[in-house]
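Below is one structure, written out as structure tokens; the observations come after it.
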Amino acid sequence: MDLTAYIGQYIKIFTQEQDWFIGELLKVHKYDDGQQMEYEFNCVISIKDQNRKAKFKGIYLLKTDEIKAIEELDPQVQQGIRLTVINAPKLIEAHRSMINENLPSRVSFGRIENPE
């Protein structure tokens, strides 16, 4: 299975151990024999292990014989994942910076009338 055409795309990968993850294919490492390849993924979504932690996280390497199947994701889904990966750290930082602020408990919309 040659996944070279998927470099830079998010795809769903099913492993021989019946696990799966969604990740961006970063690189393909080819060996001298030409049969065996190793794929480098940036995993963003993964199944959980028994301790409720992501089984695949960050950069993950898989060999050709460890991949059972792949599922190509819709381009709009890929774009949504990409936007989430880019903007989620900004949202977390904004939340951290505002957590101790004294914000109003009520917000009103529309015309504000002068109480004269």
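The values are calculated or read from the model by the stated rules, or taken from the named source; none is laboratory data. This structure is a prediction, so every number in the text was calculated from the model and none was measured. With ideal geometry, Cβ positions are generated from the backbone for all residues, glycine too; neighbour counts draw on all protein chains shown.
Do you know which residues across the range 10-46 are farther than 17 Å from T84 by Cα and of a type in the set (D, E, K, R)?
Within the range 10-46, E17, D19, K27, K30, D32, D33, E38, E40 meet the criteria.
Exactly one condition in (1) free of Cβ contacts under 8 Å to residues at least 40 places away in the same chain; (2) assigned to a loop (DSSP other than H, G, I, E, B); (3) loosely packed, with under 12 Cβ neighbours inside 10 Å is not met by M1; state its number.
Just one mismatch for M1, condition (1).
May I ask you to list the residues in the range 4-24 that are in a loop (DSSP other than H, G, I, E, B) and either in contact with an Asp or Glu (Cβ under 9 Å, 6 or more places away or on another chain) or exposed (fewer than 14 other Cβ atoms within 10 Å of the Cβ) (or both)?
G8, Q9, Q16, E17, Q18
Which residues, counting only those in the range 71-89, are of a type in the set (A, V, I, L, M) and touching a strand residue (DSSP E or B) at 6+ places or on another chain (Cβ under 9 Å)?
Within the range 71-89, L73, V77, I81, V85 meet the criteria.
Could you say whether any residue in the range 84-103 is more than 30 Å from I22 (Cβ to Cβ) and either touching a Ser or Thr at 6+ places or on another chain (Cβ under 7 Å) or at pLDDT below 80 (or both)?
Yes; the residues of the range 84-103 include at least one that is more than 30 Å from I22 (Cβ to Cβ) and either touching a Ser or Thr at 6+ places or on another chain (Cβ under 7 Å) or at pLDDT below 80 (or both).
In the range 7-46, which residues are β-branched (V, I, T), within 14 Å of Y60 (Cα to Cα) and without any contact (Cβ under 8 Å) to a residue 40 or more places away in the chain?
Listed by number, the residues that qualify are V28, I45.
Going by what's in this entry, would A94 be described as outside any strand (DSSP E or B) and either surrounded by 10 or more Cβ atoms within 10 Å (Cβ to Cβ) or under 15 Å from the mean Cα position of the chain (by Cα) (or both)?
yes
Please go through the range 26-48 and give me each residue that is among the charged types (D, E, K, R) and part of a loop (DSSP other than H, G, I, E, B), ordered by number.
Matches in the range 26-48: D32, D33.
For the range 25-39, state whether one or more residues are surrounded by 14 or more Cβ atoms within 10 Å (Cβ to Cβ), among the β-branched types (V, I, T) and out of contact with any helix residue (DSSP H, G or I) (no Cβ under 9 Å at 6 or more places or on another chain).
No, that holds for no residue.
Checking K68 against (1) in a helix (DSSP H, G or I); (2) touching a strand residue (DSSP E or B) at 6+ places or on another chain (Cβ under 7 Å); (3) not hydrophobic (A, V, I, L, M, F, W, C): exactly one of these is not met. Which one?
(1)
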